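The values are calculated or read from the model by the stated rules, or taken from the named source; none is laboratory data. These numbers were taken from a predicted model, which means no experiment stands behind them. A quick note on method: Cβ atoms are made from the backbone with ideal geometry, for glycine too, and the neighbour counts reach across all protein chains shown. Quick note on the areas: whole protein, heavy atoms, side chains included, nothing else; ligands and nucleic acids left out. Shrake-Rupley method; radii C 1.70, N 1.55, O 1.52, S 1.80 Å.
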Protein chains: 4
Amino acid sequence: MTIKIFTMGGTIDKIYFDDLSTYEVGEPQVAEILREARVHLDCEVEEVIRKDSLHMTEKDRLLLRRRIEANPRRRVLVTHGTDTMVETARYLENLGDKVIVLTGSLTPARFKKSDAPFNVGCAIGALQALEPGVYIAMSGRVLPADKVAKNREAGRFEEAPGTTER
Amino acid sequence: MTIKIFTMGGTIDKIYFDDLSTYEVGEPQVAEILREARVHLDCEVEEVIRKDSLHMTEKDRLLLRRRIEANPRRRVLVTHGTDTMVETARYLENLGDKVIVLTGSLTPARFKKSDAPFNVGCAIGALQALEPGVYIAMSGRVLPADKVAKNREAGRFEEAPGTTER
Amino acid sequence: MTIKIFTMGGTIDKIYFDDLSTYEVGEPQVAEILREARVHLDCEVEEVIRKDSLHMTEKDRLLLRRRIEANPRRRVLVTHGTDTMVETARYLENLGDKVIVLTGSLTPARFKKSDAPFNVGCAIGALQALEPGVYIAMSGRVLPADKVAKNREAGRFEEAPGTTER
Amino acid sequence: MTIKIFTMGGTIDKIYFDDLSTYEVGEPQVAEILREARVHLDCEVEEVIRKDSLHMTEKDRLLLRRRIEANPRRRVLVTHGTDTMVETARYLENLGDKVIVLTGSLTPARFKKSDAPFNVGCAIGALQALEPGVYIAMSGRVLPADKVAKNREAGRFEEAPGTTER
């Protein structure tokens, strides 16, 4: 089984230079996370864009959709900023028999305490068991793109109001 | 959705005292991992035993099986030492509609570089999507108990010889 | 022996909220660093200000100088942002028999890889052995305030041009 | 200024393989600690032995003493196990104008929470300011070899009974 990974930037990849610099999006961290977790899956990592998700445009989302469509792999992981992860997930619906899981982190992967390794693990675990569709794996939940929302105040992803839990 | 977590000890929970002490199994680390990952799932953690898995006996496995059977939750996570994880997994088969995932780590969770947060994430992600059965989530793979083996030399879990990949 | 610690903010204390927030100066990290290092010295920690050192004014430096002067302890550690650490150090000269060491970090203490614990250790070690005066402990060097400069391009503190090494 | 570093093994360098292995002394960690702290001092690292300090013999101590004597550097750091660090320190007395500081850690450097980076920093900071002699830098204290003891129950180094604090 081969998993295709597309990276879009976001908090998970943020770095820190020094007092004079702003806090920027750096190299994708997913490969380092997989190495540290001693993962023995075939994973192909490809950087699409390197942006804070607040600055993501429809053009960026279209680019991602086309890359997924053009790629032969059925199981796709996308690392992405959290603020517009739900919008991007919905933008990726109806891609045939693809299983697509989006994840990211609320705290940069380079921090001592980060949700990044757990979240990537959660996405990879779900990806191997889910039916075709688009999902978000955050806060320990794996939810379909049309049933998930970010609760910014609480700092978590949860079921969107109006949807019912399985 | 509520996930029931049983802890059995193993490398994931190992601690270090000092030069004079041996390296021992300490408090279950799974709750700390879930906290650091900012997980918002209902998880009930229960310690069953605290042992290096090499010292696990059939009695210990029977105890675990009975606890799972007696518990009303359908989705069950077991943290366990790696050396006999496969034996324990097979011992837990045929428990009706339960979805049981075993995980652990090759390096203690208290180390800077550990596979523990990723592995627990992987197990939690898979648990929400899998059909009833018993599985092991290690090395980034989620494999049925009857199709997985630990390759000790390579330091990983992989498909057991004679089984074919999906 | 009691060591008095004044905290001024800076990179060492920086935290990260989320994509929408800026990167801010948080709680002083020095107490956590001392705890993790299992330090058994009497240390009294007092927060003076919580600022990026680029925004520090002469008023802030005067406040720090007066706090040091008013405090009975002879050995003083100051945690501070790196960009104007040298200016502050020079502002603290001629305070009688006080031994004052400034330190901070190039990477926030909350990162997995940070110079913060080493730097605080270096300052505490030097503080116990130095003659009265004002010093900076950064990049593994302990240098008098009038002989040190930040080399921003190289990302380190070094002897100021025109001074000769012991 | 050049600092000569001799490594002797001990808890600071301990690694963990897996359930079947014992907990062993691995590669010296001091170079990695200096790199992570972005130290810009000339440091020459040389491994002498790789032992748990409980197994250190007089022959090992004589070897270390001869290496220090034969080396032209005046400032010497020794990383060492904690259980017999005091014995080794006393064995290194009367080496002319050498400044020798021993350090190590109570928790392996590879752990998330370890006293190792702070302790090495403390030793390096003290080394630049101390008068000739042999010292131990542990628990945040820098104490002469003849005035320090390990309090194993409390898990710290402190002034030996019968000595008075400066």
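Which is within 14 Å of chain C (Cβ to nearest Cβ) and of a type outside the set (A, V, I, L, M, F, W, C), of D:Arg75, D:Arg61?
On the way: D:Arg61 fails: within 14 Å of chain C (Cβ to nearest Cβ).
Going through D:Arg75, D:Arg61 in turn, just one is within 14 Å of chain C (Cβ to nearest Cβ) and of a type outside the set (A, V, I, L, M, F, W, C): D:Arg75.
Scan the range B:93-112 residue by residue and report those that are facing another protein chain (nearest Cβ under 7 Å) and of a type outside the set (A, V, I, L, M, F, W, C).
If we filter the range B:93-112 for residues that are facing another protein chain (nearest Cβ under 7 Å), which is where we start, we get B:106-108, B:110-112.
Within the range B:93-112, B:Thr107, B:Pro108, B:Arg110, B:Lys112 qualify.
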Of the listed residues (C:Thr103, C:Thr88, C:Thr84), the one being out of contact with any Gly (no Cβ under 6 Å at 6 or more places or on another chain), among the β-branched types (Val, Ile, Thr) and within 21 Å of D:Leu127 (Cβ to Cβ) is C:Thr103
request  = Inspect all residues belonging to the range C:103-126 and state whether any of them is closer than 21 Å to C:Leu41 by Cα and assigned to a strand (DSSP E or B).
outcome  = yes
(message) When you scan the range D:20-34, do you find a residue that is open to solvent by less than 20 Å² (accessible area, probe 1.4 Å), more than 29 Å from C:Lys150 (Cβ to Cβ) and not in a loop (DSSP other than H, G, I, E, B), even just one?
(response) no
Exactly one of D:Arg50, D:Arg73, D:Arg66 is open to solvent by 10 Å² or more (accessible area, probe 1.4 Å), closer than 24 Å to D:Gly121 by Cβ and outside any strand (DSSP E or B), and that residue is D:Arg73
Picking from B:Pro132, B:Pro144, B:Pro161, B:Pro117, the residue that is open to solvent by 10 Å² or more (accessible area, probe 1.4 Å), under 18 Å from A:Glu32 (Cβ atoms) and either touching a Phe, Trp or Tyr at 6+ places or on another chain (Cβ under 7 Å) or touching a residue at least 12 places away in the same chain (Cβ under 8 Å) (or both) would be B:Pro117
Quick count over the range C:91-106, residues being open to solvent by less than 20 Å² (accessible area, probe 1.4 Å) and over 16 Å from C:Ile3 (Cα atoms), is 4
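Restricting attention to the range A:113-143, report how many residues are facing chain B (nearest Cβ under 7 Å) and of a type in the set (Ser, Thr, Tyr).
Quick first cut of the range A:113-143, residues facing chain B (nearest Cβ under 7 Å) only: A:113, A:115, A:117-126, A:128-130, A:137, A:139-142.
Within this subset, residues satisfying the condition of being of a type in the set (Ser, Thr, Tyr) are A:139.
Number satisfying all stated conditions: 1.
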Residues in the range A:134-152 that are of a type outside the set (A, V, I, L, M) and in contact with a helix residue (DSSP H, G or I) (Cβ under 7 Å, 6 or more places away or on another chain) total 4
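Residues that are within 29 Å of A:Leu102 (Cα to Cα), more than 8 Å from every other protein chain (Cβ to nearest Cβ), assigned to a strand (DSSP E or B) and within 15 Å of the chain's Cα centre (by Cα): does the range B:144-156 have at least one?
Filtering the range B:144-156 for residues within 29 Å of A:Leu102 (Cα to Cα) gives B:144-145, B:147-148, B:155-156.
Still in the running and more than 8 Å from every other protein chain (Cβ to nearest Cβ): B:144-145, B:147-148.
From what is left, the residues that are assigned to a strand (DSSP E or B) are B:144, B:148.
Cutting the leftovers down to within 15 Å of the chain's Cα centre (by Cα) gives us B:144, B:148.
Checking the range B:144-156: at least one residue is within 29 Å of A:Leu102 (Cα to Cα), more than 8 Å from every other protein chain (Cβ to nearest Cβ), assigned to a strand (DSSP E or B) and within 15 Å of the chain's Cα centre (by Cα).
Here are B:Thr79, B:Thr88: which of them is buried (at least 22 other Cβ atoms within 10 Å of the Cβ) and under 30 Å from D:Glu32 (Cβ atoms)? Steps first, answer last, please.
Numbers: B:Thr88 fails: under 30 Å from D:Glu32 (Cβ atoms).
The conditions single out B:Thr79.
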B:Thr7 vs (1) at pLDDT below 95; (2) polar (S, T, N, Q); (3) surrounded by 15 or more Cβ atoms within 10 Å (Cβ to Cβ): all pass except (1)
Over the range D:120-129, the set of residues open to solvent by less than 10 Å² (accessible area, probe 1.4 Å) and free of Cβ contacts under 8 Å to residues at least 60 places away in the same chain is D:Cys122, D:Ala123, D:Gly125, D:Ala126
In the range C:108-163, residues that are more than 25 Å from A:Arg110 (Cα to Cα) and acidic (Asp, Glu) total 4
Kindly indicate whether B:Val25 is within 14 Å of chain A (Cβ to nearest Cβ), more than 21 Å from B:Glu93 (Cα to Cα) and not basic (Lys, Arg). no
